[in-house]
Amino acid sequence: MSLALKVLLALVAGLTVGLGLAATAPDALAHIVPFVEPVGTLWVSAIRMTIIPLIVSSLIVGVGGAADPSSVGRIGARALIVFLALLAAAVTVALLAGPPILATIHIDAAAAAALRAGAAQSAGAAVESAKALPGIGQWIVDLVPANPVKAASDGAMLPLIVFSLMFGMALSRIAADQREIFIRIVTGIQSATLVLVRAIISLAPIGVFALAVAVASKLGLAAAGALATYIALVSGVTIVFCVLVIYPAAVIFGGISLKNFAYAALPAQAVAFSSRSSLASLPAMLEPVRERLGMPVELAAFLFPLAVTLFRVGAAIAQVIGALFIAKLYGVVLGPPQYAAIAVTTIVTTFSVPGIPGGSIIMMVPVLLAAGVPAEGVGLLLGVDTIPDMFRTTLNVTGDVAAAVILAKQSRR
């Protein structure tokens, strides 16, 4: 049995137990939840424990660990511009589509208050400090941390990300022998963190079950309806964005016909939809797409691995909608500073999503912390992630092909 199926079954079992106890034995529920809920909270805390070393090491290795930074040149800079433009478009669409649809979900105020109380009690200093978000001006000033260690301790993810990017760029400019030693150390930290993450994710059925029991006992049937709305919203927005933004961008800025692009991307899309892995789709990009679109071998060998590794436009949509959904579930009111924090943190963290099942959901934690939203909600989203992940990964791969086509046209010019 796959881990995704185990997690889904754990979610269904947790919701069933929570609803059943709430309806038939509320007195027993009052004694059971205090013992079950901490198990889910412990599992989420274990995930959060790995976020800082994972993000910092990934960004430092990715930015500062290039074998020859000068060889990236203009094509690397153009790739970053294309990636950022499409990610910004995805975040904007998600922020526009998410709130009005999620507003149709009715969450009882008392139930939301109970969820917030449980989150505030167990989330720790990081979540509590993230709730006290500053105004726009101070938020901009705080992007550059005076003390990166304190930023990490406070759970200030966006300033920590800015520091990691700046450190990585500085690292790329020192002597090669000194850079290589440091990159080896940081790569070891990254690899060890990924091993730890995989071990924690293997315990997902236990954590998801515990979280589902607690949420179902407090929200009742509204929990199941809300999760169904979330699945439909993420899947629907990814499809709409793919059809209305990615395909036209490839045609207009890539200079190819819609028929050729759709035909060339189809094999990679099929692999992505069935495997839920962008990396697994890479072989289906290199040859079929290159041959169909007439891309030079050298250019395709550089662009496709770069796009698959760094560019995940589907993850951007999922993280924004997930943050909005969890905020709705917990009754957290979001304002312009919080929306800005969600947008910026989402765009940056998509570049360091680990290539493991549920990687996009895990990297939602810093987005939630940046917006002051309880991180405990990621457990519920991980439990229903199978269907959204199929559409999200397909959009990731389609975006990779589109970005490569656009960059190939610019390179020919």
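Please treat every number below as a calculation from the coordinates, not as lab data. This structure is a prediction, so every number in the text was calculated from the model and none was measured. Note that we place each Cβ from the backbone using ideal geometry, even for glycine, and neighbour counts take in every protein chain shown.
Estimate the FRET efficiency between R292 and L96 by the formula 1/(1 + (r/R0)^6), using the beta-carbon distance for r and 41 Å for R0, to the nearest 0.05. List each step's numbers first, then the result.
Details: r = 34 Å, r/R0 = 0.82.
Efficiency, from the Cβ-Cβ distance: 0.75.
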Computed lengthening from I252 to T187, 0.36 nm per intervening residue step minus Cα-Cα distance: 19.5 nm
Simple spin-label estimate for V141 and V195 in nanometres, 7 Å along Cα-Cβ: 4.4
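Of K328, K409, how do they rank once you tally other Cβ atoms within 10 Å and put the fewest first? It would help to have the intermediate numbers written out before the result.
On the way: K328 23, K409 16.
In order of increasing Cβ crowding within 10 Å: K409, K328.
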Ranking of S235, S191, S58, S217 by count of other Cβ atoms within 10 Å, fewest first: S191, S235, S58, S217
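Based on the mean of other beta carbon atoms within 10 Å per residue, what is the order of 177-186, 8-17, 329-338, most packed first? All intermediate terms of the calculation are to be shown ahead of the outcome.
Values: 177-186: 13.1, 8-17: 19.7, 329-338: 17.8.
Packing order, densest peptide first, comes out as 8-17, 329-338, 177-186.
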Label point distance in nm, T104-I174, each placed 7 Å from Cα along Cα→Cβ: 5.5
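Using Cβ counts within 10 Å as a stand-in for footprinting exposure, how do D385, D142 rank, fewest first?
Values: D385 27, D142 16.
Listed from fewest to most nearby Cβ atoms, that is D142, D385.
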